[in-house]
Amino acid sequence: MWATGRLAGAGLVTLGIGLTIVAGAVQASDLSVRLILPFDHNGLIHLVQLVATMVLVTGLRRGLERY
C-alpha cells in the first residue's frame, strides 16, 4: 500500500515496523551508549521502541483520517 500510494500513512507504518525490528536487534546485542545517562541494550530497546510506537501510531492515524 505504501509503494502504490493507496493508503496515507502506510510509509510511516512500514517505518514503525522497521524500527521495531531494529529494537529487537538492539535487544539481542551488547550495545551501550551514554547520552545523559548510561543506557545498556535493555534501556536502548525502550528508547527505540518508544520512537517506533510514535511513528506507527502517526501512520495509523493518517491512514484512518478519511474514515
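The values are calculated or read from the model by the stated rules, or taken from the named source; none is laboratory data. Just so it is clear, the structure is predicted and the values come from calculations on it, not from any experiment. So basically every Cβ, Gly included, is an ideal-geometry build from the backbone, and we count neighbours across all protein chains shown.
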- Within the range 29-53, which residues are farther than 29 Å from LEU64 by Cβ and either free of Cβ contacts under 8 Å to residues at least 12 places away in the same chain or of a type in the set (Phe, Trp, Tyr) (or both)? ASP30, VAL33, ARG34, LEU35, ILE36, LEU37, PRO38, PHE39, ASP40, GLY43
- Selection within the range 24-61 - among the small types (Gly, Ala, Ser) and touching a strand residue (DSSP E or B) at 6+ places or on another chain (Cβ under 8 Å): SER32
- Working carefully through the options LEU15, LEU50, LEU56, find the one that is at pLDDT 95 or above, out of contact with any helix residue (DSSP H, G or I) (no Cβ under 8 Å at 6 or more places or on another chain) and in a helix (DSSP H, G or I). LEU50
- Message: Please determine whether any residue of the range 17-28 is exposed (fewer than 13 other Cβ atoms within 10 Å of the Cβ), out of contact with any Gly (no Cβ under 7 Å at 6 or more places or on another chain) and hydroxyl-bearing (Ser, Thr, Tyr).
- Response: no
